[in-house]
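What follows is one structure encoded as structure tokens, with my remarks underneath.
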Amino acid sequence: MQTLANISSLSSSSSISQMLMMLLPFCFVFLWSVHVLFLQWYSRRKGRRLPPGSLGWPYIGETLRLYAEDPNAFFANRQKRHGDIFKSHVLGCPCVMVSSPEAARVVLVTRAHMFKPTYPLSKERMIGPNALFFHQGAYHSRLKRLVQASFVPSALKGSVSEIEQIILNFLPSWKDNCTINTLQEMKMYAFDVAILTAFGERMEREMETRIKQLYQRLEKGYNSMPLDLPGTSFHKAMKARKLLNETLRRLIDERRREDDGSGHGGTKVASRLGRGGLLEVLMGASNVNDKGHKVHQQLSDMQIADNIIGVIFAAHDTTASALTWALKYLHDNPEILCAVTREQEGIRRKMDESGRRGLTWEDTRQMPLTNRVIQETLRAASILSFTFREAVEDVEFEGYFIPKGWKILPLFRRIHHREDFFPNPDKFDPSRFEVGSRRRRGRDPVWPFPGS
């Protein structure tokens, strides 16, 4: 009898479990519906309205449709249907997409304090929580000024010949192979340039090799499933991240000891970059003003390491993608390729006539067509299709209500392919960036900075 009672009890428990499993999806749907209805009721009660669009299925939203379709078509179809501002639910969160330059400028510049940068927690752990991408306010502004100042012409002039030498070192391997993976080659080239600009001319070969190896292990796990379990790509990447941080902190200690002995503690950005790269800029360039007064606390070693890692991550992958697209566009447009080749050969002839070897900064200023090709590549390819921001409070935006916590996505590709700014936007046409060109009308659209 006791056995029968136990069997009956197990059967009853199993039935209850099955019922709960069947009811669970309906509970999710019910809670989602209540959430959506509450938002609509709340916005109407306050005399506000959410942007047009659909939030899709509960919790899933429209993510499956985003992955099933061409992402460009996904956003373009909704823009045509709803206008330049519309709502959706993708990648696990309710979002408002903006596809006009004016709206993007409000989110990124005019009212940037109301829309904080936001990234998945796994990305923050991998790059480092002190990187400027994960902050706003005074700390973000200070780091952004330092990074941008490290890449202005006055800071880069002395590195042109070194950057040229990096690409010259790649050419023999390209010549000997019938087929190359352009993107991978451009990644290696961009990474070497990133190492040069981040650490300058003072990097020892052994240290440079160590940092490259750790970075490569870190990059392999960057877009992996964030499961920090032994054997997973994410776990291996996080171990590499720890070792990379220790390596950078040893390098920072060494540089501080060298600078203390040489008296370079207060050198300005332009003169420091060629010698010690962005690393030395972060180590001390902004701690004193022009009058010699201290205006900021010195950045900690952890803050410096996180920002060095973050800048290289932001720079080398996007640069490699842009270079790859530029080569593709030149291949697809042989008349433009011929014109660019003539421009470069003209500079080479001048170098031969003057008896000098190696490019200079002044040479790069004599490449107007090459510069327009790069600008048109950035527009046409739109390497950074969109970025994430999060509303830090309830916001009235362009006549719509955006609840606190919702994500805002400026759609850079949609902006760069607007007919009213760039007639015939799908055509690769560098002439639209000629001074006074009628091929580009209106105000310039938004050109995003990676750390903005």
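The values are calculated or read from the model by the stated rules, or taken from the named source; none is laboratory data. Fair warning: this is a prediction, and the values are worked out from it, not measured in the lab. Reconstructed Cβ throughout: ideal geometry from the backbone, glycine too, with neighbour counts over all protein chains shown. Only protein heavy atoms, including side chains, enter the accessible area calculation; ligands, DNA and RNA are left aside. Shrake-Rupley method; radii C 1.70, N 1.55, O 1.52, S 1.80 Å.
Within region 221-232, does at least one residue satisfy the condition of being open to solvent by 70 Å² or more (accessible area, probe 1.4 Å) and in a helix (DSSP H, G or I)? Scanning region 221-232 turns up no residue that is open to solvent by 70 Å² or more (accessible area, probe 1.4 Å) and in a helix (DSSP H, G or I). Taking residues in region 386-415 that are under 15 Å from VAL90 (Cβ atoms) and among the hydroxyl-bearing types (Ser, Thr, Tyr), and partners anywhere that are modelled with pLDDT under 90 and part of a strand (DSSP E or B), not one pair has Cβ atoms closer than 7 Å while being at least 6 places apart or on different chains. Look through ALA339, ALA320, ALA305, ALA315 and report the one residue that is modelled with pLDDT of 95 or more and in contact with a helix residue (DSSP H, G or I) (Cβ under 9 Å, 6 or more places away or on another chain). So the residue among ALA339, ALA320, ALA305, ALA315 that is modelled with pLDDT of 95 or more and in contact with a helix residue (DSSP H, G or I) (Cβ under 9 Å, 6 or more places away or on another chain) is ALA339. Counting only helices (runs of 4 or more DSSP H) wholly contained in region 355-434, the ones carrying 3 or more residues that are modelled with pLDDT of 95 or more occupy 368-381.
Restricting attention to region 372-385, the residues being over 15 Å from ARG342 (Cβ atoms) and free of Cβ contacts under 8 Å to residues at least 60 places away in the same chain number 7. Which residue is nearest to the chain's Cα centre (by Cα), if the candidates are limited to region 215-253 and must be over 24 Å from SER300 (Cβ atoms) and among the basic types (Lys, Arg)? Among those residues, the one meeting the criterion is LYS220. Scanning region 47-69 for residues that are touching a residue at least 40 places away in the same chain (Cβ under 8 Å) and either open to solvent by 30 Å² or more (accessible area, probe 1.4 Å) or aliphatic (A, V, I, L, M) (or both) yields ARG48, ARG49, LEU50. All but one of (1) crowded, with 21+ Cβ neighbours inside 10 Å; (2) assigned to a helix (DSSP H, G or I) hold for ASN72, so report the exception by its number. Just one mismatch for ASN72, condition (1).
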